[in-house]
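Novice: This is the structure I have questions about; it appears just below.
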Amino acid sequence: MVSKANEKEVSDLMALIESSNVIGVVGIHGIPGTQINNIRRALRGSARLVVSKNTLMSIALQNMDVKKKNIKDLSSYIKDQSALILSDEDPFKLAKIVEKSRTNASPKGGEIAPDDITVPAGETDFKPGPIVSDLQKVGIPASIEKGKVVIKKDTVIVKKGEKISKDVAQILSKLDIRPIPVGIEIRAFYEKEYIYGKEALQIDTEKVMNDLKKSIMQAFNLSINVKYFTKFTTPVFLAQAYMNALSLGVNVNYFTPETIKHLLAKANLQAMSIKGKIGEI
(Lines give C-alpha, C1' and ligand atoms only; values in the text may rest on other atoms or scores of the structure.)
Protein backbone atom coordinates (compact mmCIF):
# COMPACT_ATOMS: atom_id res chain seq x y z
CA MET A 1 0.00 0.00 0.00
CA VAL A 2 1.36 3.42 -1.01
CA SER A 3 1.78 5.77 1.94
CA LYS A 4 0.25 9.26 2.03
CA ALA A 5 3.73 10.77 1.71
CA ASN A 6 4.46 8.69 -1.37
CA GLU A 7 1.08 9.55 -2.88
CA LYS A 8 1.89 13.23 -2.42
CA GLU A 9 5.31 12.80 -4.04
CA VAL A 10 3.84 10.94 -7.03
CA SER A 11 1.25 13.70 -7.40
CA ASP A 12 3.98 16.37 -7.29
CA LEU A 13 6.04 14.47 -9.87
CA MET A 14 3.02 14.19 -12.18
CA ALA A 15 2.42 17.94 -11.93
CA LEU A 16 6.03 18.65 -12.87
CA ILE A 17 5.90 16.19 -15.77
CA GLU A 18 2.65 17.68 -17.07
CA SER A 19 4.04 21.23 -17.03
CA SER A 20 7.23 20.33 -18.91
CA ASN A 21 7.68 19.86 -22.65
CA VAL A 22 10.78 17.71 -22.31
CA ILE A 23 11.17 14.99 -19.67
CA GLY A 24 14.32 12.97 -19.34
CA VAL A 25 15.66 10.06 -17.32
CA VAL A 26 19.27 10.45 -16.25
CA GLY A 27 21.65 8.37 -14.17
CA ILE A 28 23.19 9.78 -10.99
CA HIS A 29 25.13 6.74 -9.77
CA GLY A 30 28.05 7.62 -7.52
CA ILE A 31 27.42 11.37 -7.59
CA PRO A 32 27.73 12.86 -4.09
CA GLY A 33 25.11 15.24 -2.76
CA THR A 34 27.35 18.28 -3.08
CA GLN A 35 27.93 17.47 -6.75
CA ILE A 36 24.16 17.05 -7.30
CA ASN A 37 23.69 20.57 -5.92
CA ASN A 38 26.43 21.88 -8.22
CA ILE A 39 24.71 20.25 -11.20
CA ARG A 40 21.38 21.80 -10.19
CA ARG A 41 23.04 25.22 -10.13
CA ALA A 42 24.64 24.59 -13.54
CA LEU A 43 21.24 23.66 -15.01
CA ARG A 44 19.36 26.53 -13.40
CA GLY A 45 17.39 28.47 -15.97
CA SER A 46 17.48 25.59 -18.46
CA ALA A 47 16.24 22.52 -16.63
CA ARG A 48 15.19 21.12 -13.27
CA LEU A 49 16.75 17.98 -11.79
CA VAL A 50 14.39 15.98 -9.58
CA VAL A 51 15.64 13.10 -7.46
CA SER A 52 13.11 10.59 -6.14
CA LYS A 53 12.62 6.86 -5.60
CA ASN A 54 12.70 4.81 -8.79
CA THR A 55 9.32 3.24 -8.08
CA LEU A 56 7.65 6.60 -7.52
CA MET A 57 9.11 8.08 -10.72
CA SER A 58 7.94 5.02 -12.67
CA ILE A 59 4.41 5.29 -11.23
CA ALA A 60 4.27 9.00 -12.08
CA LEU A 61 5.36 8.38 -15.68
CA GLN A 62 2.89 5.54 -16.17
CA ASN A 63 0.04 7.59 -14.69
CA MET A 64 0.84 10.46 -17.09
CA ASP A 65 0.51 8.29 -20.21
CA VAL A 66 -3.10 9.42 -20.64
CA LYS A 67 -2.00 13.05 -21.02
CA LYS A 68 1.40 12.47 -22.64
CA LYS A 69 1.20 9.57 -25.08
CA ASN A 70 4.02 7.00 -24.89
CA ILE A 71 5.64 8.67 -21.88
CA LYS A 72 5.21 5.49 -19.84
CA ASP A 73 7.89 3.90 -22.03
CA LEU A 74 10.36 6.31 -20.48
CA SER A 75 10.10 4.35 -17.23
CA SER A 76 12.08 1.48 -18.82
CA TYR A 77 15.18 3.70 -18.54
CA ILE A 78 14.79 4.03 -14.77
CA LYS A 79 17.34 1.74 -13.13
CA ASP A 80 20.11 1.85 -10.56
CA GLN A 81 20.25 5.45 -9.26
CA SER A 82 18.10 7.64 -11.46
CA ALA A 83 16.57 11.10 -11.56
CA LEU A 84 14.18 13.04 -13.76
CA ILE A 85 15.20 16.13 -15.67
CA LEU A 86 12.42 18.51 -16.72
CA SER A 87 12.73 21.35 -19.19
CA ASP A 88 11.18 23.30 -22.05
CA GLU A 89 14.42 23.33 -24.03
CA ASP A 90 14.88 21.44 -27.29
CA PRO A 91 16.04 17.92 -26.25
CA PHE A 92 19.22 18.10 -28.34
CA LYS A 93 20.13 21.50 -26.93
CA LEU A 94 19.30 20.22 -23.45
CA ALA A 95 21.60 17.22 -23.95
CA LYS A 96 24.46 19.61 -24.69
CA ILE A 97 23.67 21.65 -21.58
CA VAL A 98 23.67 18.47 -19.48
CA GLU A 99 27.00 17.35 -20.96
CA LYS A 100 28.55 20.73 -20.17
CA SER A 101 27.48 20.35 -16.54
CA ARG A 102 29.79 17.34 -16.16
CA THR A 103 33.08 17.86 -14.33
CA ASN A 104 36.17 15.79 -13.57
CA ALA A 105 37.21 14.43 -10.18
CA SER A 106 40.16 12.63 -8.64
CA PRO A 107 39.58 8.88 -8.19
CA LYS A 108 39.14 7.21 -4.81
CA GLY A 109 40.47 3.85 -5.97
CA GLY A 110 38.72 1.02 -7.73
CA GLU A 111 37.43 3.05 -10.68
CA ILE A 112 38.15 2.06 -14.27
CA ALA A 113 40.27 4.58 -16.16
CA PRO A 114 38.19 6.15 -18.99
CA ASP A 115 41.43 7.02 -20.83
CA ASP A 116 45.18 6.72 -20.30
CA ILE A 117 46.10 8.66 -17.16
CA THR A 118 49.34 10.59 -17.61
CA VAL A 119 51.36 12.39 -14.96
CA PRO A 120 53.26 15.22 -16.71
CA ALA A 121 56.94 15.96 -16.18
CA GLY A 122 57.98 19.06 -14.28
CA GLU A 123 58.34 20.66 -10.87
CA THR A 124 55.73 20.01 -8.19
CA ASP A 125 54.67 21.99 -5.13
CA PHE A 126 55.86 19.22 -2.80
CA LYS A 127 58.69 19.73 -0.37
CA PRO A 128 61.38 17.03 -0.21
CA GLY A 129 60.25 14.10 1.88
CA PRO A 130 58.37 10.80 1.71
CA ILE A 131 56.43 12.01 -1.33
CA VAL A 132 59.40 11.08 -3.54
CA SER A 133 59.21 7.41 -2.55
CA ASP A 134 55.41 7.53 -2.83
CA LEU A 135 55.71 8.74 -6.42
CA GLN A 136 58.34 6.16 -7.26
CA LYS A 137 56.22 3.42 -5.68
CA VAL A 138 53.48 3.90 -8.30
CA GLY A 139 55.99 4.13 -11.15
CA ILE A 140 56.49 7.87 -11.40
CA PRO A 141 60.20 8.80 -11.77
CA ALA A 142 60.84 11.60 -9.29
CA SER A 143 63.84 13.26 -7.67
CA ILE A 144 64.80 16.32 -5.68
CA GLU A 145 66.32 19.21 -7.61
CA LYS A 146 67.17 22.59 -6.06
CA GLY A 147 64.97 21.83 -3.06
CA LYS A 148 61.93 20.82 -5.11
CA VAL A 149 60.37 17.49 -6.00
CA VAL A 150 60.57 17.07 -9.77
CA ILE A 151 58.86 14.50 -11.95
CA LYS A 152 61.45 13.50 -14.53
CA LYS A 153 59.25 12.61 -17.51
CA ASP A 154 55.66 12.23 -18.66
CA THR A 155 54.44 8.92 -17.30
CA VAL A 156 51.31 6.90 -18.08
CA ILE A 157 50.50 5.32 -14.72
CA VAL A 158 47.13 3.78 -15.65
CA LYS A 159 46.07 2.70 -19.10
CA LYS A 160 42.55 3.05 -20.45
CA GLY A 161 40.31 0.29 -19.11
CA GLU A 162 42.55 -0.58 -16.17
CA LYS A 163 41.46 -0.34 -12.54
CA ILE A 164 42.89 2.56 -10.55
CA SER A 165 44.54 1.37 -7.33
CA LYS A 166 44.17 3.23 -4.04
CA ASP A 167 47.88 4.15 -4.03
CA VAL A 168 47.61 5.68 -7.49
CA ALA A 169 44.35 7.42 -6.52
CA GLN A 170 46.05 9.06 -3.53
CA ILE A 171 48.92 10.31 -5.69
CA LEU A 172 46.54 11.67 -8.33
CA SER A 173 44.61 13.47 -5.63
CA LYS A 174 47.82 15.02 -4.25
CA LEU A 175 48.83 16.09 -7.76
CA ASP A 176 45.32 17.47 -8.36
CA ILE A 177 44.89 15.31 -11.46
CA ARG A 178 41.21 14.63 -12.08
CA PRO A 179 40.69 11.98 -14.75
CA ILE A 180 37.28 10.70 -13.67
CA PRO A 181 34.25 12.36 -15.33
CA VAL A 182 31.53 13.12 -12.82
CA GLY A 183 28.02 14.15 -13.75
CA ILE A 184 24.60 12.96 -14.71
CA GLU A 185 24.36 10.27 -17.38
CA ILE A 186 21.90 10.93 -20.17
CA ARG A 187 19.66 7.91 -20.78
CA ALA A 188 16.62 9.16 -22.71
CA PHE A 189 14.52 12.28 -23.30
CA TYR A 190 10.81 12.47 -24.15
CA GLU A 191 9.22 15.17 -26.30
CA LYS A 192 5.88 15.19 -28.13
CA GLU A 193 5.22 11.43 -28.00
CA TYR A 194 8.79 10.57 -29.05
CA ILE A 195 11.60 9.15 -26.93
CA TYR A 196 15.18 9.94 -27.91
CA GLY A 197 17.83 7.53 -26.65
CA LYS A 198 21.37 8.46 -25.64
CA GLU A 199 22.82 7.72 -29.09
CA ALA A 200 20.31 9.97 -30.87
CA LEU A 201 20.91 12.81 -28.42
CA GLN A 202 24.65 12.67 -29.07
CA ILE A 203 24.14 13.76 -32.68
CA ASP A 204 25.94 17.04 -33.39
CA THR A 205 22.94 19.08 -34.55
CA GLU A 206 25.14 22.03 -35.56
CA LYS A 207 27.21 19.79 -37.85
CA VAL A 208 24.06 18.23 -39.30
CA MET A 209 22.65 21.68 -40.09
CA ASN A 210 25.93 22.81 -41.67
CA ASP A 211 26.07 19.63 -43.77
CA LEU A 212 22.46 20.17 -44.83
CA LYS A 213 23.16 23.79 -45.86
CA LYS A 214 26.24 22.63 -47.79
CA SER A 215 24.19 19.96 -49.60
CA ILE A 216 21.49 22.50 -50.49
CA MET A 217 24.08 24.89 -51.95
CA GLN A 218 25.71 22.09 -53.95
CA ALA A 219 22.32 21.01 -55.33
CA PHE A 220 21.49 24.64 -56.17
CA ASN A 221 24.81 25.17 -57.97
CA LEU A 222 24.36 21.93 -59.92
CA SER A 223 20.87 23.02 -61.00
CA ILE A 224 22.26 26.36 -62.19
CA ASN A 225 25.08 24.71 -64.12
CA VAL A 226 22.83 22.22 -65.94
CA LYS A 227 20.05 24.80 -66.46
CA TYR A 228 17.51 22.82 -64.40
CA PHE A 229 14.43 24.93 -63.68
CA THR A 230 12.96 24.91 -60.17
CA LYS A 231 11.22 27.55 -58.09
CA PHE A 232 14.63 28.36 -56.60
CA THR A 233 16.66 28.51 -59.83
CA THR A 234 14.06 30.15 -62.13
CA PRO A 235 14.56 33.66 -60.63
CA VAL A 236 18.31 33.29 -61.20
CA PHE A 237 17.81 32.20 -64.82
CA LEU A 238 15.41 35.09 -65.46
CA ALA A 239 17.93 37.54 -63.98
CA GLN A 240 20.69 36.07 -66.15
CA ALA A 241 18.48 36.23 -69.26
CA TYR A 242 17.60 39.85 -68.51
CA MET A 243 21.24 40.83 -68.10
CA ASN A 244 22.23 38.97 -71.30
CA ALA A 245 19.42 40.67 -73.25
CA LEU A 246 20.38 44.06 -71.81
CA SER A 247 24.03 43.52 -72.72
CA LEU A 248 23.12 42.46 -76.24
CA GLY A 249 20.82 45.46 -76.70
CA VAL A 250 23.56 47.86 -75.61
CA ASN A 251 26.19 46.21 -77.84
CA VAL A 252 24.01 46.38 -80.99
CA ASN A 253 22.67 49.89 -80.13
CA TYR A 254 19.09 48.63 -79.86
CA PHE A 255 16.89 51.27 -78.22
CA THR A 256 14.45 50.21 -75.52
CA PRO A 257 13.36 51.83 -72.25
CA GLU A 258 15.88 49.57 -70.50
CA THR A 259 18.85 50.16 -72.84
CA ILE A 260 18.46 53.89 -73.49
CA LYS A 261 20.23 55.07 -70.33
CA HIS A 262 23.11 52.67 -70.94
CA LEU A 263 23.37 53.77 -74.60
CA LEU A 264 23.37 57.45 -73.59
CA ALA A 265 26.11 56.73 -71.05
CA LYS A 266 28.03 54.84 -73.74
CA ALA A 267 27.61 57.73 -76.21
CA ASN A 268 28.74 60.20 -73.58
CA LEU A 269 31.92 58.22 -72.95
CA GLN A 270 32.59 58.04 -76.68
CA ALA A 271 32.00 61.79 -77.03
CA MET A 272 34.36 62.52 -74.14
CA SER A 273 36.97 60.29 -75.74
CA ILE A 274 36.65 62.10 -79.11
CA LYS A 275 36.77 65.48 -77.40
CA GLY A 276 39.94 64.46 -75.61
CA LYS A 277 41.57 63.38 -78.87
CA ILE A 278 40.52 66.61 -80.66
CA GLY A 279 41.92 68.65 -77.83
CA GLU A 280 45.28 66.97 -78.28
CA ILE A 281 45.54 67.99 -81.97
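The values are calculated or read from the model by the stated rules, or taken from the named source; none is laboratory data. Computed from a prediction, not measured in an experiment: that's the story for all the values here. Using ideal geometry, Cβ is built from the backbone for each residue, glycine included, and neighbour counts are taken over all protein chains shown. All accessible areas refer to the heavy atoms of the entire protein, side chains included, with ligands and DNA or RNA removed. Shrake-Rupley method; radii C 1.70, N 1.55, O 1.52, S 1.80 Å.
Novice: Order His262, His29, most accessible first, counting only protein heavy atoms with a 1.4 angstrom probe.
Specialist: Greatest to least solvent exposure: His29, His262.
Novice: Are there trypsin sites (Lys or Arg not before Pro) in the stretch 130-178 that DSSP puts in a loop and that have at most 15 other Cβ atoms within 10 Å, and which ones?
Specialist: Filter output for the stretch 130-178: Lys146, Lys152, Lys153, Lys159, Lys160.
Novice: How much of Asp115 can a 1.4 Å solvent probe reach, expressed as accessible area in Å² and rounded to 10?
Specialist: Its heavy atoms expose roughly 90 Å² to the probe.
Novice: Here is a further query. What's the angle, to the nearest 10 degrees (0 to 90), between helix 54-63's Cα axis and the longest principal axis of the chain?
Specialist: With rounding to tens, the tilt is 40 degrees.
Novice: OK, next. Roughly how many percent of the accessible protein surface of the chain is carbon and sulfur, given a 1.4 Å probe and a whole-percent answer?
Specialist: Whole-percent figure for carbon plus sulfur exposure: 55.
Novice: So, one more: Compute the accessible area per residue over the chain, keeping the other protein chains in place, probe 1.4 Å, unit Å².
Specialist: That works out to 65 Å² for each residue.
Novice: Then there is this: Provide the solvent-accessible area of Val252, counting protein heavy atoms only and rolling a 1.4 Å probe, rounded to the nearest 10 Å².
Specialist: The accessible area of Val252 comes to roughly 90 Å².
Novice: Could you compute how much accessible surface Leu222 exposes when probed at 1.4 Å, giving the result in Å² to the nearest 10?
Specialist: 110 Å²
Novice: Distance from the Cα centre of the stretch 126-182 to that of the stretch 102-122, in angstrom?
Specialist: 11 Å
Novice: Another question about this same structure. Enter the Cα centre distance for the pair the stretch 223-281 and the stretch 1-45, rounded to the nearest angstrom.
Specialist: One Cα centre to the other: 70 Å.
Novice: Beyond 30 Å between alpha-carbons counts as too far, so tell me which of Lys227/Lys266; Lys69/Lys93; Lys8/Lys192 fall in that bin.
Specialist: Cα-Cα > 30 Å for Lys227/Lys266; rest within.
Novice: What is the sum of charges, Lys and Arg at +1 and Asp and Glu at -1, for the other residues whose Cβ falls under 15 Å from the Cβ of Ala60?
Specialist: It works out to a net charge of 0.
Novice: Now for a separate question. Please give me the summed charge of the neighbours of Ile39: other residues whose Cβ is under 14 Å from its Cβ, Lys and Arg +1, Asp and Glu -1.
Specialist: For residues surrounding Ile39, the net value is +4.
Novice: Can you sort Ile117, Ile224 by solvent-accessible area, 1.4 Å probe, largest first?
Specialist: Descending order: Ile224, Ile117.
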